1. Give all pairs with beta carbons closer than 6 Å in which a residue from region 183-198 that is in contact (Cβ under 8 Å) with a residue 12 or more places away in the chain meets a residue that is among the basic types (Lys, Arg) and within 13 Å of the ligand (Cβ to nearest atom); count only pairs at least 6 apart in sequence or on separate chains.
2. Among the candidates Asp131, Asp106, which residue alone is over 13 Å from Gly78 (Cα atoms) and more than 13 Å from the chain's Cα centre (by Cα)?
3. Please count how many residues of region 104-153 are assigned to a loop (DSSP other than H, G, I, E, B) and at pLDDT 95 or above.
4. Identify, from the list Phe58, Phe97, Phe102, Phe68, the residue that is without any contact (Cβ under 8 Å) to a residue 60 or more places away in the chain and open to solvent by less than 60 Å² (accessible area, probe 1.4 Å).
5. Do we have any residue at all in region 244-263 that's in a helix (DSSP H, G or I), open to solvent by less than 70 Å² (accessible area, probe 1.4 Å) and in contact (Cβ under 8 Å) with a residue 60 or more places away in the chain?
6. What is the residue count in region 244-281 for residues that are more than 14 Å from the ligand (Cβ to nearest atom), in contact with a Phe, Trp or Tyr (Cβ under 9 Å, 6 or more places away or on another chain), of a type outside the set (D, E, K, R) and closer than 24 Å to Pro156 by Cβ?
7. Can you list residue pairs whose Cβ atoms sit under 6 Å apart, with the first residue in region 272-283 being at pLDDT 95 or above and the second being surrounded by fewer than 21 Cβ atoms within 10 Å (Cβ to Cβ) and of a type outside the set (D, E, K, R)? Count only pairs 6 or more apart in sequence or on different chains.
8. Which condition number in (1) within 15 Å of the ligand (Cβ to nearest atom); (2) free of Cβ contacts under 8 Å to residues at least 12 places away in the same chain is the one that Lys317 fails?
Amino acid sequence: MKAIRAHGPGDPGVLVLDEVPVPEPGPGDVLIRVHAACLNPPDWYARRDFAMFADEHFAGQGRPHVRFPWTPGSDASGVVAAVGPGVTGFAVGDAVFGLIRFPGLDNGGRAYAEYTTAPAAHLARKPPSVDHVHAAAVPMAGLTAYQYLVDHIRLPAGQKVLVNGAAGGVGHFAVQLAKTRGAHVVAVASSRHEGFLRDLGADEYIDYTATAAEDAVRDADLVIDTVGGPDAHRFLATVKDGGTISPVLHGDYHREEAARRGIQFRSGQVHSDGAQMAELAALLADGSLRAGIDSVYDLADAAKAHERAEGGHIQGKIVLSVP
Ligand SMILES: NC(=O)c1ccc[n+]([C@@H]2O[C@H](COP(=O)([O-])OP(=O)(O)OC[C@H]3O[C@@H](n4cnc5c(N)ncnc54)[C@H](OP(=O)(O)O)[C@@H]3O)[C@@H](O)[C@H]2O)c1
């Protein structure tokens with residue numbers, strides 16, 4: 001089969017199309033004929049062997065290293081081509097999607113390929129009304145937003161929720177999932193995303209290139225911040241005393257000042273979960289959730305897709321179509 005591989009760390013150009021054996025599904029696994037795979041930030045972090053992160057980033061566990069040659073990709077949508085021993089929930093011919101083996105050794109499920117294996121427990125049935133490109137766009141970013149709002153935050157109804165980085169993968173799903181829980185959503189993004197975010201249900205939109213969020217909002221119950229960084233503490237001003245900040249990645253939030261104001265922090269690491277994928281599938285099927293597609297590339301053009309990703313300002317998700 002054809003698969004994208006990197007034979008060592010580096011720029012997008014290290015991603016080449018190779019001929020490799022079709023993998024065998026082990027116990028509890030299915031073999032998926034991949035129709036679409038999706039890019040996520042860990043794909044390009046791992047492609048560079050995590051060289052952009054300081055050791056402290058990995059909370060005492062040390063910087064991970066990728067074993068090359070390596071095939072990226074944790075998000076896949078496709079059709080079950082074979083089932084391994086002990087699999088009962090899926091049969092050959094089922095259309096499935098999921099976040100595969102994440103977090104895990106070698107950073108996920110090797111989905112940039114014509115075939116990949118996946119634990120059946122990480123998959124759900126793809127809704128027939130959603131095509132493979134839109135389904136592949138969901139797993140990691142959709143599960144991150146879902147696990148934040150449902151597991152970490154347990155968002156009550158009727159809250160004012162500010163989403164920073166609202167047009168990106170995690171952000172655009174967080175906007176929609178917060179709306180399904182009756183939130184009033186303020187979306188913060190750069191200028192070109194206003195129509196996209198209002199169409200997804202954002203009640204207010206702040207173009208951060210014209211207005212600083214901390215000058216416009218003072219009474220959010222919750223901030224979901226997918227941007228982080230050294231000036232993340234400016235979002236303290238947007239939250240009520242006793243409110244919540246949910247960092248999706250590292251930032252300097254001036255935690256002592258936050259503690260004085262009773263502001264809590266809720267966050268976590270996204271992980272594979274087939275049952276939660278089924279929840280997302282139900283929302284996709286009834287139209288209350290949809291994936292925004294920034295761009296679609298052929299599998300063979302994975303290097304170009306990574307160049308697009310590293311250019312930033314992504315609107316939704318970047319997907320690889322696997323012919
Ligand atoms: N905790 C976890 O388990 C977990 C899970 C998934 C992702 N993450 C991390 O979360 C981050 C976001 O992931 P993602 O997949 O959503 O990334 P993404 O798709 O690249 O989206 C990032 C978004 O942020 C926007 N942005 C950039 N600078 C901004 C700024 N100063 N203010 C507001 N928006 C800004 C970008 O567009 P515009 O600038 O054009 O608005 C873009 O839409 C990544 O660093 C990823 O590693 C963590």
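The values are calculated or read from the model by the stated rules, or taken from the named source; none is laboratory data. The shown structure was predicted, so the numbers you read here are calculated from the model rather than taken from an experiment. With ideal geometry, Cβ positions are generated from the backbone for all residues, glycine too; neighbour counts draw on all protein chains shown. For the accessible areas, the whole protein counts, side chains as well, though only heavy atoms, and no ligand, DNA or RNA atoms are used. Shrake-Rupley method; radii C 1.70, N 1.55, O 1.52, S 1.80 Å.
1. Short answer, once both residue conditions are applied: none.
2. Matching residue, one of Asp131, Asp106: Asp106.
3. Count: 13.
4. Phe58
5. no
6. Final tally of qualifying residues: 5.
7. Gly274/Ala121; Ala281/Pro127
8. (2)
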